[in-house]
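The values are calculated or read from the model by the stated rules, or taken from the named source; none is laboratory data. In this text, all values refer to a predicted model and were calculated from it rather than measured experimentally. Backbone-built Cβ (ideal geometry, glycine too); neighbour counts: all protein chains shown. Areas reflect the complete protein model, heavy atoms only, side chains present, ligands, DNA and RNA absent. Shrake-Rupley method; radii C 1.70, N 1.55, O 1.52, S 1.80 Å.
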Amino acid sequence: GQQVMQIPQYQHVQEGEDFTTYCNSSTTLSNIQWYKQRPGGHPVFLIQLVKSGEVKKQKRLTFQFGEAKKNSSLHITATQTTDVGTYFCAIHKGEYGNKLVFGAGTILRVKS
Amino acid sequence: EAGVTQFPSHSVIEKGQTVTLRCDPISGHDNLYWYRRVMGKEIKFLLHFVKESKQDESGMPNNRFLAERTGGTYSTLKVQPAELEDSGVYFCASSQDNQGPGREKLFFGSGTQLSVL
């Protein structure tokens, strides 16, 4: 079953509003990745977080990794219509640690 | 540099038929993964190849699914016989193991939309 919980499942915002999606794990993570999938498209890697408490920014996107390395968030400031899509967090599992397991994803819709 | 390519982009088959999906990873990528997304839900892991060897096939639903990667280059995923619940988007991804295990970023293909009627 799913090993990382992601919320919310769906969010519909007005253009210009902020958006946040959260991922939580019951176990300590070595790292966490974030991907974006546009409607009809394929997942595209956004970023990887490795260090406890790490914060990384990509333009209007801010990614955080919790101090305990059990949770992470993606925050978009002042959403634009180009931000629509599904945002997934993903963690490495498996005997060799290279099986990437995805969260359920958060679908973002932006009203202009 | 060419990305991950998948063929076909769409496939519509009847229940009981056989379908073979193909994936060509980025050249030089030893790791190849198959994933499936059903009805807009989560992206579920199917299996992982390292070169020609199956390292993890824990996500394969049942023995109707067979994946191969002869010669460690392209991979095929065959579904035989197909059932209604097999419908979904099948994604292939590849990665280059140059950051250590558990840190690779995956490059995804555009996927194959499979519809079983």
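For region A:54-112, the list of GluC sites (Glu not before Pro) that fall in a loop by DSSP and count at most 11 other C-beta atoms within 10 angstrom reads A:Glu67, A:Glu95.
The string of couplings for region A:5-21 from the Karplus curve (6.51, -1.76, 1.60, θ = phi - 60°) is 8, 10, 9, x, 6, 8, 8, 10, 10, 7, 3, x, 7, 8, 9, 9, 10 Hz, one whole number per residue in order, with x for Gly and Pro.
Take every Cα-Cα pair in the protein assembly as shown and report what % of them are more than 25 Å apart.
Pairs farther apart than 25 Å: 41 percent.
Our coupling estimate for region B:32-45, obtained by passing each phi through the Karplus curve with A = 6.51, B = -1.76, C = 1.60 and θ = phi - 60°, is 9, 10, 10, 10, 9, 10, 10, 6, x, 8, 5, 8, 9, 5 Hz, Gly and Pro reported as x.
For the residues of A:98-110, the average number of beta carbons from a partner chain within 10 Å of their own beta carbon is 4.
Other residues lying with their Cβ under 11 Å from the Cβ of B:Leu84 contribute a combined charge of -3, Lys and Arg counting +1, Asp and Glu -1.
Computed 3J(HN,Hα) for region A:80-91, one whole-Hz value per residue from the Karplus formula 6.51 cos²θ - 1.76 cosθ + 1.60 where θ = phi - 60°, is 10, 4, 6, 7, 4, x, 10, 9, 10, 9, 8, 10, glycine and proline marked x.
Working value for region A:5-111: equivalent-ellipsoid semi-axes of 23, 15, 11 Å, each the square root of 5 times a Cα gyration tensor eigenvalue, largest first. Protection proxy ranking of B:67-74, A:59-66, by the mean of other Cβ atoms within 10 Å over each peptide's residues and highest first, is A:59-66, B:67-74. Highest mean packing first, where packing is the average number of other Cβ atoms within 10 Å per residue, the peptides A:70-83, A:21-34 line up as A:21-34, A:70-83. Computed on chain B, with alpha-carbon pairs under 8 angstrom and 6+ residues apart, the relative contact order is 36 percent.
On a per residue basis, chain B carries 50 Å² of accessible surface, using protein heavy atoms and a 1.4 Å probe.
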